[in-house]
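This report concerns only the one structure given below.
The values are calculated or read from the model by the stated rules, or taken from the named source; none is laboratory data. Predicted, not measured: the structure shown is a model, and the values here were computed from it. Methodologically, a virtual Cβ is constructed for each residue, glycine included, from the backbone with ideal geometry; neighbour enumeration extends over all protein chains shown. Keep in mind that these areas ignore ligands, DNA and RNA; they rest on the heavy atoms of the full protein, side chains included. Shrake-Rupley method; radii C 1.70, N 1.55, O 1.52, S 1.80 Å.
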Amino acid sequence: MTDRVTGRWTTRPAASAALRYGLAFASIAAALGLARVFLYFHLPQPFAALALSAIAITFWYGGVKPGIVATVLASLLRYYRWSEGGVVSGALYDLVFVIFALLMIELTRARSELEVRVAQRTADLTRANQELSLEIAERKHTEEKLQEREAYLAEAQRLSHTGSWARVSATGEMRYWSEECYRVLGFDPHDGQPRFETFLQRVHPDDRGKVREISAAAGREKVDYETDYRIIHPDGEIRDIHVVAHPVFNPSGDLVEYVGTVMDVTEHKRAEEKLRQSEAYLAEAQKLTHTGSWVWDVAARRALHLSEEWYRIYGFDQKDGMAAWNKRSQRIHPDDRARRQQEIDRAINEKSDYDIEYRILIPTGTIRHLHSVGHPVLDASGNLVQFVGSSTDITERRQAEEALRQAQADLARINRITTMGELTASLAHEVNQPIAAAVTDANTCLRWLNRDQPDLQEARLAASRVVKDAARAAEIISRTRLLFKKANPQWEPVDMNEVIREMVALLRSEAARYSISVRTELAAGIPRAMGDRVQLQQVLMNLIMNSIDAMRDVDGTRELTIHSQPGENEALVVSVSDTGVGLPAQQADQIFDSFFTTKPHGTGMGLRISRSIVESHGGRLWAASNSSRGASFHLTLPKVEAHE
């Protein structure tokens, strides 16, 4: 920049040598012309003065060399045109021209030097001015940046509820408080910076001694300090404050001041308290529901989180930490390990949920039933990262279900016994028939043997009939004993046509007692159903007895029809239809409810138990009114393969 300024001041207007030398000739020619004009008008000879002017002009505007040329030209013209004055006067004129030329040379040089100095000074001033302008611009930019940063800092402090401060350790004088520091601690900025003792008066009385002691101890030891306390605002509001302080030393190592921050952590404290309460509620809820939560990393196969209840369920000590996760497999029941692992592997491959029940063995020897549910967690790329889920101890539920099943079995047995008690007369008649026939056949056999010539063939036939009648009586008693017997359900393939025949044979006398005809329409070749034979007998007995009760007091035809056929989706369909009183009006949907009955001395449990038994076998039981008279009960049972 300086070179440009200097050049602007020292460089003359650009002109060619021809112009500058032409100036020399032109100025002398002009002087000559003016001299001739003066001569023409008889004026004094002014050539010398005019020539000196021409020389001066040439030196000033053309430079030194053109000025010398002009001097020479002036001398020559004077010599040739105005030489009347003699040699001495000519020499004096020449001397004057030379001296004048030398003076002009020196003047021109002095002017050039002056121009250079002025240019240099001007360049220095320009440079200084530019540097000053640049420095001012930089300072202004720095100030703007500083103001911007201070604004950002103030906004950041406002958003984070954090104030900054500086305090002279020796005197307790507050050297600096940020705007947010006043707001956090509840002081008015217009009152100025309070002293340390004034600030202490705002600290909660229970925390004041702690703050004073920590501050004094840090000053003595010249170390950082950090603490929490409560401060009371003028309106009585109590805020939780977290302070961090750092010592500042001079070059000699002496403590000069403390600088630090105060942060209003009231909301943070409240959030922490709410979080602790939520965690406590969650822990209590998990304890009450026997549910433990967990998170495990799929790639590393390690636990990231295990709740307190999870440790209790598996029988681990919480001090074992995450290592207990890798030991849990050892406590899974051997019969369930492969099935459980297969389900988890499937969920990993499909990136899907899994839901599984299995048993674990506690070191005390206790077996617990668990229900675990896992949910996959995917990253932004869709990769499986974690599984989060829960494990619930359902041992008590399983025990309750088993107790319920046992109670239902006992109730069903009581229902069977009650029904059998109502059939005492019919059963006695049913058993008495084959016994009486056996007695008659035995007497016949004796008569054939007591003849003078015993007829062994007839005696043998009579004896065979005795055996057959006895077997029939034994079969009736055996069936009756099975219905009374208390035993666990025995699941096996059951021929429902055979069950129907057995129940018809058992209850035929009861039906005949009320003049009810029994007709069976049994399809051949229907598939077997998987179930407990006694329970299925009880269902058929309840349905047949309901139909008999519905027809015992009606007039007209009394007909009981039992029908079996293959179903579309189920293995078979069994229907029991009667021509009785039909379903109760506007209460047809309640007949399967517990304790609902239309009989004067009924318990209201027969149909409820029957439906429970059928549903436990994977089937359905429902009722419908016949188009003419009476009602029909239909049950479906899945075939053996479908149930398995």
For this session: Could you tell me what percent of the accessible area of the range 296-406 is made up of carbon and sulfur, with a 1.4 Å probe and every protein chain present?
Result: 49 percent
Problem set entry | Accessible area, probe 1.4 Å, largest first, for residues Asp553, Asp124 | Asp553, Asp124
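Report in % the part of the accessible area of the range 160-251 that belongs to carbon and sulfur, leaving out ligands and nucleic acids; probe 1.4 Å.
Carbon and sulfur atoms account for 51 percent of the accessible area of the range 160-251.
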Problem set entry | Whole-number Å³ per residue for the convex hull built on Cα positions in the range 271-396 | 116 Å³
Problem set entry | Inter-label distance for Val373 and Phe196, nm, one decimal - labels placed 7 Å from Cα along Cα-to-Cβ | 5.9 nm
Exercise. Hey, how much of the P(r) for the range 96-162 falls beyond 17 Å, as a percent of Cα pairs?
Worked result: 70 percent
Exercise. Under 5 Å between amide H atoms, partner at least 5 residues away or on a different chain: which partners does Thr520 have, H built in plane at 1.01 Å?
Worked result: Ile562
Exercise. Asp320 label point, 7 Å along Cα→Cβ, cut-off 17 Å on backbone N: hits in the range 371-393?
Worked result: 391-393
Seminar exercise, completed: Phi-derived 3J(HN,Hα) across the range 211-223 with the Karplus relation (6.51, -1.76, 1.60, θ = phi - 60°), rounded Hz, x for Gly and Pro, is 5, 4, 5, 5, 5, 5, 5, 5, x, 5, 8, 6, 10
Exercise. Amide H to amide H under 5 Å from Thr227: which residues, 5+ apart in sequence or cross-chain, H placed 1.01 Å off N in plane?
Worked result: Val243
Seminar exercise, completed: Total charge of the residues flanking Thr142 in space, meaning their Cβ is under 14 Å from its Cβ, with Lys and Arg +1 and Asp and Glu -1, is -2
Exercise. Using 0.36 nm per residue, how much length does the chain from Tyr152 to Ala512 gain when fully extended, once their Cα-Cα distance is taken away?
Worked result: 119.4 nm
Exercise. From the phi of every residue in the range 358-367, what ³J(HN,Hα) in whole Hz does the Karplus formula 6.51 cos²θ - 1.76 cosθ + 1.60 yield, where θ is phi - 60° and glycine or proline is x?
Worked result: 7, 10, 10, 10, 7, x, 6, x, 6, 9
Problem set entry | Relative contact order of the range 243-337, defined on C-alpha pairs under 8 angstrom at six or more residues apart (%) | 15 percent
Problem set entry | Interchain or long-range residues, amide H under 5 Å from Ile394's placed H | His369, Leu370, His371
For this session: Output ³J(HN,Hα) for the range 372-377: one whole-Hz value per residue in order, computed from phi by the Karplus curve 6.51 cos²θ - 1.76 cosθ + 1.60 with θ = phi - 60°, and x for Gly and Pro.
Result: 10, 10, x, 10, x, 10
For this session: Find out how many positive minus negative residues lie around Tyr281, taking Lys and Arg as positive, Asp and Glu as negative, among other residues whose Cβ is under 11 Å from that of Tyr281.
Result: +1
Problem set entry | Using a Förster distance of 41 Å, the FRET efficiency for Tyr176-Ser381 (Cβ separation, nearest 0.05) | 0.25
